[in-house]
Amino acid sequence: MTLAALPVRRPATWRDELSKYQDPTSSYQPEPAFPATPEGASQRYKPRKLSSQNENPSAIPAGQHTLLTALPQLPEGWGRYIHPEGSILFYHERLRIFTESDISDQRNCREILFHATTLVQKAFDTNGVTMDEFTEIVLNVDDDRSWHYYFVDHKNRLLFWVHPVDLRDLGTDLQRIAGYAHIRYFVEARYWSHCEYYPHNRALPKKVFHGLRGMLNYAKTDMMTAADSSTSPFTQDELVAILDLINSLGDDKKIDDPFSIWIIARLMAYFTEDQFMNFCGQPCARLNADTVLFGKQTWNRTIAFKIVNMFLLGSPNEHAVRLQRIWVDGTIIQPRWKNFINRLTNELGRYPIFSTVMLAVNISFLAVPGVITAGSPASPIEIVIYCSVVSTIGSIVFSFALSNVYSDPGLMDASPAAEVMKTLSRKRWGMARLAITHSLPVACLVWSITLFSTALAIQIFLPKELPTCTALGVECFIFALFGFMSYRVMQLFARDDDVDDGVDTSEENDSFPTATQNDIELGSAKWCT
């Protein structure tokens, strides 16, 4: 699917201005410019080394403080600006051209003007599009001397191009497109990215500010009243902080401060991208974060996964459902992902404490007279305690290993995690392996407790002393009865998803369980991350 240049018609006033900077006798023909988005055209985040040609003064001459404010000479009409992040931008006010490429380089300057002339002429010839006070053009060159461009229509808050554009080249999945009305949100999100990348020489009307504040208040209310199903791209705590920030910007008639524009544009890009991902304005709009739009997600459980799940005492199944709750329709739900990371790191911090206690208990039990007999083969109690010790150590090791991975602050951003999830979802057992890995610390700890309890039971009941066996047997029965009753009560709050005894052994399906609609409606605390 391709997106053609938008047919916006404007009076032809810009070409005459541009012709002043052109040499009609020149035969210079650089490589053509290619359509791009702000993210694709920008080179600002690529590492740049300090040029050896730069002057490195060792002292400031006496009385020459004006040297500190001197700027390099630029070609006629160009202005130099510093982005809030610190990068350099260049803008031609009369021609309304933005670029990050160094226009003090004559070659860059000449090629920018050539491409601007060519692209604007093509826009006028094909669609009658010309530059006016609501239109800009962005041109950037990459390390391979390839130029990338896009036009900006501030009146409609859109980008457009003079060449047909394949949406896959813009970084979107064709499966996620529901029509041109839906594409608008994708293109508008790129428009706000442009305002974020180039916040100078513009003013945002107050209605944009009020619209953003309205969206933030709506998202905050939605998270307060329906946090489990909200499609907000931010958590409730983040929304409170963002609202305080937005309210601190003041109530001026218009916003022309580059820093304030950068803040508003970045937030608007988040919300508009969220509208695109949730099919805003379409019949299939996702109103609940758990709604599946691309086919029906079902349990795909192999016999092997069931066996591993039973051996690890059901923990892989629980972690698998947690993962599926944050991975819906091939995308990560940002607030749930952050809650998932926080919960997982808290759990990984607690398991070593319990495991250390169990390790001390196991070692102490081995010191009980009669448990270890010198010069004789290992007794059943001794063997079971050794297994419990190994399980305890395994819980500690797995906890520290996972903590080392998930303690990275960069993982709070869902973007790198989404790439990992996409890679795993394409592999057989990919997601299941992740769920099993997450379950190892708690499964090893539970096995350690179970094995220790088994050794204790052998120590108590093996001598077959009637009074001791009777008293402890009655006590164990009572505790088992209370335990079963507690289990039934907890089932009212968190029902087991394993209601279908069917087994899918297809090699094309990943053995990864999915939260059912009943679980979503119940708001199960067990699976909510």
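The values are calculated or read from the model by the stated rules, or taken from the named source; none is laboratory data. Predicted model only: the values in this text are computed from it and were never measured. Every residue, glycine among them, receives a Cβ derived from its backbone with ideal geometry; neighbour counts consider all protein chains shown. Just so you know, the surface numbers come from the protein's heavy atoms only, side chains and all, with ligands and any DNA or RNA stripped out. Shrake-Rupley method; radii C 1.70, N 1.55, O 1.52, S 1.80 Å.
Here are the numbers for this structure:
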{"item": "Given (1) touching a strand residue (DSSP E or B) at 6+ places or on another chain (Cβ under 6 Å); (2) modelled with pLDDT of 90 or more, index of the condition residue 241 fails", "result": "(1)"}
{"item": "Complete set of residues in segment 117-168 that are hydrophobic (A, V, I, L, M, F, W, C) and within 26 Å of residue 48 (Cα to Cα)", "result": "137, 138, 139, 141, 147"}
{"item": "Segment 86-123: number of residues that are on the phi > 0 side of the Ramachandran plot and among the hydroxyl-bearing types (Ser, Thr, Tyr)", "result": "0"}
{"item": "Neighbours by Cβ (under 7 Å, 6+ apart or cross-chain): first from segment 114-125, within 16 Å of residue 153 (Cα to Cα) and in contact (Cβ under 8 Å) with a residue 24 or more places away in the chain; second outside any helix (DSSP H, G or I) and open to solvent by 40 Å² or more (accessible area, probe 1.4 Å)", "result": "124/12"}
{"item": "Matching option when the condition is at pLDDT 90 or above and surrounded by fewer than 16 Cβ atoms within 10 Å (Cβ to Cβ), among 271, 259", "result": "259"}
{"item": "Number of the exception - residue 159 against (1) at pLDDT 90 or above; (2) assigned to a helix (DSSP H, G or I)", "result": "(2)"}
{"item": "Segment 227-252, subset open to solvent by less than 30 Å² (accessible area, probe 1.4 Å) and part of a helix (DSSP H, G or I), residue farthest from residue 331 (Cα to Cα)", "result": "246"}
{"item": "Only listed residue being aliphatic (A, V, I, L, M) and within 29 Å of residue 357 (Cα to Cα), chosen from 466, 424, 462", "result": "462"}
{"item": "Residue 113, sole failed condition from (1) open to solvent by less than 70 Å² (accessible area, probe 1.4 Å); (2) within 27 Å of residue 262 (Cβ to Cβ)", "result": "(2)"}
{"item": "Subset of segment 29-43 that is in a loop (DSSP other than H, G, I, E, B), open to solvent by 70 Å² or more (accessible area, probe 1.4 Å) and not polar (S, T, N, Q) - its residue that is modelled with the lowest pLDDT", "result": "31"}
{"item": "Yes/no for residue 219 being farther than 30 Å from residue 100 by Cβ and not β-branched (Val, Ile, Thr)", "result": "yes"}
{"item": "Count of segment 172-185 residues which are open to solvent by 10 Å² or more (accessible area, probe 1.4 Å) and either touching a Lys or Arg at 6+ places or on another chain (Cβ under 9 Å) or in a helix (DSSP H, G or I) (or both)", "result": "7"}
{"item": "Failed condition for residue 360, given (1) among the aliphatic types (A, V, I, L, M); (2) open to solvent by less than 60 Å² (accessible area, probe 1.4 Å); (3) touching a residue at least 12 places away in the same chain (Cβ under 8 Å)", "result": "(3)"}
{"item": "First in segment 187-208 and under 12 Å from residue 151 (Cα atoms) and touching a residue at least 60 places away in the same chain (Cβ under 8 Å), second anywhere and in a loop (DSSP other than H, G, I, E, B) and among the hydrophobic types (A, V, I, L, M, F, W, C), Cβ under 9 Å, 6 or more apart", "result": "187/6"}
{"item": "Lone qualifier among 247, 288 - being polar (S, T, N, Q) and touching a Lys or Arg at 6+ places or on another chain (Cβ under 8 Å)", "result": "247"}
{"item": "One residue from 46, 122 being loosely packed, with under 13 Cβ neighbours inside 10 Å and either modelled with pLDDT under 85 or more than 20 Å from residue 199 (Cβ to Cβ) (or both)", "result": "46"}
{"item": "Members of segment 305-326 that are in a loop (DSSP other than H, G, I, E, B) and of a type in the set (A, V, I, L, M)", "result": "312, 313"}
{"item": "Scan of segment 186-225 for residues that are part of a helix (DSSP H, G or I) and surrounded by fewer than 15 Cβ atoms within 10 Å (Cβ to Cβ), ordered by number", "result": "206, 207, 210, 211, 214, 217, 218, 221, 224, 225"}
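Here's the yes/no breakdown for (1) at pLDDT 80 or above; (2) open to solvent by 50 Å² or more (accessible area, probe 1.4 Å):
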{"site": "430", "(1), (2)": "no, no"}
{"site": "450", "(1), (2)": "yes, yes"}
{"site": "466", "(1), (2)": "no, yes"}
{"site": "469", "(1), (2)": "no, no"}
{"site": "479", "(1), (2)": "yes, yes"}
{"site": "484", "(1), (2)": "yes, yes"}
{"site": "487", "(1), (2)": "no, yes"}
{"site": "514", "(1), (2)": "no, no"}
